[in-house]
Structure formats: structure tokens, C-alpha cells
1. Where in the stretch 465-563 are the strands (runs of 3 or more DSSP E), entirely inside, with at least 1 residues that are free of Cβ contacts under 8 Å to residues at least 24 places away in the same chain and surrounded by 12 or more Cβ atoms within 10 Å (Cβ to Cβ)?
2. Select from the stretch 169-191 the residues that are touching a residue at least 24 places away in the same chain (Cβ under 8 Å), under 17 Å from Asn126 (Cβ atoms) and not charged (D, E, K, R) and list them in ascending order.
3. Looking only at the stretch 207-245, count every residue that is surrounded by fewer than 19 Cβ atoms within 10 Å (Cβ to Cβ), farther than 23 Å from Ile344 by Cβ and over 26 Å from the mean Cα position of the chain (by Cα) and tell me the total.
4. Which ones in the stretch 1-57 are aliphatic (A, V, I, L, M) and at pLDDT 95 or above?
5. Is it true that Gly166 is more than 28 Å from Ala103 (Cα to Cα), modelled with pLDDT of 90 or more and not in a helix (DSSP H, G or I)?
6. Report, by residue number, each residue of the stretch 319-347 that is over 22 Å from Pro45 (Cβ atoms) and surrounded by fewer than 22 Cβ atoms within 10 Å (Cβ to Cβ).
7. Looking at Ile314, is it part of a loop (DSSP other than H, G, I, E, B) and crowded, with 16+ Cβ neighbours inside 10 Å?
8. Looking only at the stretch 7-30, which residues are closer than 11 Å to Asn422 by Cβ and aliphatic (A, V, I, L, M)?
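The values are calculated or read from the model by the stated rules, or taken from the named source; none is laboratory data. Bear in mind that the values here come from a model prediction, so they are computed numbers and not experimental data. With ideal geometry, Cβ positions are generated from the backbone for all residues, glycine too; neighbour counts draw on all protein chains shown. SASA here: full protein model, heavy atoms, side chains in, ligands and nucleic acids out. Shrake-Rupley method; radii C 1.70, N 1.55, O 1.52, S 1.80 Å.
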Amino acid sequence: MANSILLSSPVSIYALGGLGEVGKNTYCIEDENNLIIIDAGVMFPEANILGISYVIPDYTQLKNSRSKIKALFITHGHEDHIGAIPFLIQNINIPVIYAPRLAAALIRNKLEEHRIQTRVNIVEYNEDDVIKAGDFTVQFFHVTHSIPDSFGICVDTPQGRIMTTGDFKIDLTPIAQDINLTKIAKLGSEGVDLLLSDSTNAEKEGYTLSEKEVINAIFEVFSKAPGRLIISTFSSNISRIQQIVEACVNFKRKIVIVGRSMDTVINLSRNYGYIKVPDDMILTPDKVKDYKPHELVILCTGSQGEPMAALSRIANGEHNFIRTIPGDTVVFSSSPIPGNTASIDLVVNKLVRAGANVITNSIFSNLHASGHPSKQELRLMLKIVKPKYFMPVHGDYRMLRLHSELAQTLGMPKENTFICANGDSLSLRKHVVTLGNRVPVDNIYIDGKDITGLSTAVIKDRNLLACDGMVAVLIPIDSRNNLILKKPEITTKGFIYLDEKSKLLIEEARNGLTNELINLMKTRVTFGEIKAISKSYLGQFFFEHTRRNPMIIPIIMNKNDNN
């Protein structure tokens, strides 16, 4: 009887983040009695969203289903997969977090940084583990990525098998562990109903450059640099950092680590044996002055032009111990994330003005290899897994669409591919996948480390204020007698420059609004109705005359309030 009840419950698969965007990865598998979460990532805000540290998913759906949550599973230790954990666990009780060894260490460090007092049960898993999470059975397979201990996840439910690749590439000469194509093929041969697969490089034909190819370019840079080398890369790209360390040893250069996240990740990686470097090779920044320029490599964060990162502080002359000097060679060992090009260019120009030679990743210098699969690798994954249904994940809409079309060129029926948005759900029942109901989703914007966050509506208000300014309207009324006592007072900030012409416009707006309010108050009205007509009238009036949409804030001053 219990099994028949269980089988009557379809399994829902949906994303709270990670679809239509690169970041914020949070995927859920849920049925009547069970819910597991795969990854809990952040997304970093665009440059025009000021005052925001992180963007995380709205966890309303998880709060509504909190009694069913069995576990959070982590695929690997990048911020877009683990960065939201401190905020998630302060909102919802997560019974257990299963994570690979390195990711578990990074999560523990992150919880310490956020001073999380809640006891969190973190269990490390490896490829051989099989974990029961309620009525779901979860197993893992190694994948190659830009950070060690990266895994894909296979979930067996009473209704069928779901498999997610996590972030991966098929690198046949990796720095870290090989992708386990044998296990992936075995899981595929047993039957996979739904595949979720990484789409980040779905626009690129061929194979992603092997990490081993980057070492040749790095060695060439080392051999030609006459003075100091300043190398900026992602602190989480441990494979790249290990190659830079090997070059430092080969060319007998000391390493100076600059940037809090870089220092944290390197220390953890050294403790776990993922980065191997002798202690005497590492210097603290205050020792830079004691060495000749050609004896040093400065390894730092800031490859995306982040204003507060180490490289920006060095370029701006704001670092306590390190300044750019003529003869420096600055290497950006990364590719620009879309939207960061202007910030990177700003830093590059400052470095060049200070006399540095700047080298960025290009077709002439392979200083960066992506950790994500290009089209041939995506085809190979689909061929090996042979899923009945397919849902591309981890990418902008165009990436998801291209990945879906690529699956169709391999014989996947169009109706078996699903290009979903955050909140869309798929329903798996008796090995058949159909579209399900939507779940509530939104972006929550984290200002500092405040777990309450800000909603999309607040950010829209901030943008409105920044672009079109504000108009405050003071409306004096006598609610007892349903009268407007005098013309409203209108004050503007950041909307229009108050010259004589603008003053006439404000006066015209006051007169027009007064007439609207007099007509409105011929019958009994609420404060809400007064505010609504004020916002509607002034919004339309100012747009017609200025083509701008300021934020309008009506303030009612009631005579009876002072009696």
C-alpha cells in the first residue's frame, strides 16, 4: 500500500537559480514526501547594481516544503554552487550537507567567516558512496573542472532516474582527476530518464582547451618577463594556481599571495595536498622590498576588474606594500565574464599608465582554459548518457537554447527537450517527463551579510531613484470634513534642475493635482485612494512634459492627527 501511494506521487524537478543566468545554481528534486537540493550558489551583481554584495534565490518554496527536506548535495566548491549556504541555513533547517572533501573545507571556512552559530552537519562523500535521502538514492561520478573534487550526481527516485553533470569538461590531459567516463556510461546504459547538463560554453564549437595547454603559455610568459610578474586569476581555479606554482619553482621566483580569498583557498588547498609548494617559496607582501623584481611573482585576485580586489588596489596605488612599477608584467589568466569588460579595461589602463606590460587571454596567448564543455563535449556527454529527456542548465537563455538544439541534432525529439526558466518545473512519473506547475522564484539581493536581503522591487526602486530621481508630494487634508486644506507642496530630488522654467512646471503640476484631489474628495475617500490618484496624475504629467519617470512619494498630512 505504501508503495502504491508513493508511486502515485510524481517527482518535480525545478531550479530556484541557474537557468537563464550564469550563477546562483540551486536545483531541487521533490515529491510528496521528499525534497533534496543540489547546490546553493550565489551570483555576483552587475556593475550597475550598487550597494549589493551577492544575489541569491528566494527560498520561499523551500520554506513552504521545509518538512520534506532531506539533504543538500554539493557538486563542487565554486561560489556559484556553495556561496549561498550561509544564507540558506539561516533561513531553513538543512538536516545534512553532503559535499566533496575540498568543497566541505571551503564551506566550513565560509561558515566561520559569516560567524554562523547554527550547528551544520557536513558529511564528505567520494565517488564510491551511495546515499539514501528519504526515498531517493544518490550516487556520484568524478568530472573534470577547474577545481578538484568536482562531481556529477545521479538520483534514483521511485518514478525514474535523474542525472546532472554539474560543471564539467572532457579534458583528456587534466591537471586534476580524470572524468569518469566509464561510470557515466554505465549509469547511461542502465537508463537515464532526465539529464541536466552544463550549458556555459554551448556557443563554442569543438573541444574546450585542455588545462595542460595553458602551462606552455605560462612558461613562455615567465621566460620573457624581465621584472616582476603580477598574475591575476580566479582564486577558485586551483588547477591554474598549481601550474603557476610549478612555473615559479622552475624559474626560481618567490610567490607573494595577495587577496583574502586567494590566501584562504591556497592555504586550504595546500593542507589537502591539491597545491604543492615548499614553504620557503612563499613570501608575505611586506617582504617584497627585500627582493629584486625578477625574483618575484605576485599572485592576486581581481582578474575581473573588481574595485575592491587586490589587483585594482595595486593599480590604484592603494595597497600597503605593492605598487605598480615600470618593468612589471601583469597577466590576466582568465577570460572576462560578460559585463565585466569595462571594469577590466579600467584596471588595464591604470596598469599601463604606471609602466606595466599587460598580457590578457587571447588567441595569441592561451593564458586561460575554461572549465566548461564546448559543443563536441556536450555531444559526447549526450551520446554516452543517452537520456530519454533533456533539460539544459547553467547558462543564459541563448546557451540553453543552443544546447537543446544540439541535442535535437543527435536525434533527441524536440518535445523531449525542455528550455526552462527558474521556477518552471518538470514532472517525472513512471519514466515520463512532462511540464509541471511553476514554483515561486525571485532574486534576493544581499547588502553586506544581512540575511534578510532585498527583493527585486527594492532594487527597481533604487534604479528608478538613480535614473529619474524622486518627487515628494505633501498633501494637507482635513479627513473629518473631507477637505483639501491647500495646494500640495512638491519637492524634487535628482529629477529636474529648478530654474524658472522648471518652477513653472512644478506650479502647473500643483494646480492640476489640486483640481484632481478636489474632485476626488467630493465623496468620502481613503488615504490609499488619495495616494493612488496623486501618483497616477503626477506620473503621467511629468512623463508627458519630461519623458522621465521619477519615483513619486505622496505624504498625507491630516489636520486631525494634530488635534
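1. Values: elements: 470-478, 489-493, 551-558.
Counting at least 1 such residues, we get 489-493.
2. Once the filter is applied, which keeps residues that are touching a residue at least 24 places away in the same chain (Cβ under 8 Å), under 17 Å from Asn126 (Cβ atoms) and not charged (D, E, K, R), the stretch 169-191 yields Ala176, Gln177, Ile179, Asn180, Ile184, Leu187.
3. So the count comes out to 5.
4. Narrowing the stretch 1-57 to residues aliphatic (A, V, I, L, M): 1-2, 5-7, 11, 13, 15-16, 19, 22, 29, 35-38, 40, 42-43, 47, 49-50, 52, 55-56.
Listed by number, the residues that qualify are Val11, Ile13, Ala15, Leu16, Leu19, Ile29, Leu35, Ile36, Ile37, Ile38, Ala40.
5. Numbers: more than 28 Å from Ala103 (Cα to Cα): no; modelled with pLDDT of 90 or more: yes; not in a helix (DSSP H, G or I): yes.
Here the answer is no, as Gly166 does not meet what is asked.
6. Quick first cut of the stretch 319-347, residues over 22 Å from Pro45 (Cβ atoms) only: 319-331, 333.
His319, Asn320, Phe321, Arg323, Ile325, Pro326, Gly327, Thr329 - these are the residues of the stretch 319-347 that are over 22 Å from Pro45 (Cβ atoms) and surrounded by fewer than 22 Cβ atoms within 10 Å (Cβ to Cβ).
7. Numbers: part of a loop (DSSP other than H, G, I, E, B): no; crowded, with 16+ Cβ neighbours inside 10 Å: yes.
Considered against the rule, which asks whether it is part of a loop (DSSP other than H, G, I, E, B) and crowded, with 16+ Cβ neighbours inside 10 Å, Ile314 comes out as no.
8. Within the stretch 7-30, Ala15, Leu16, Leu19 qualify.
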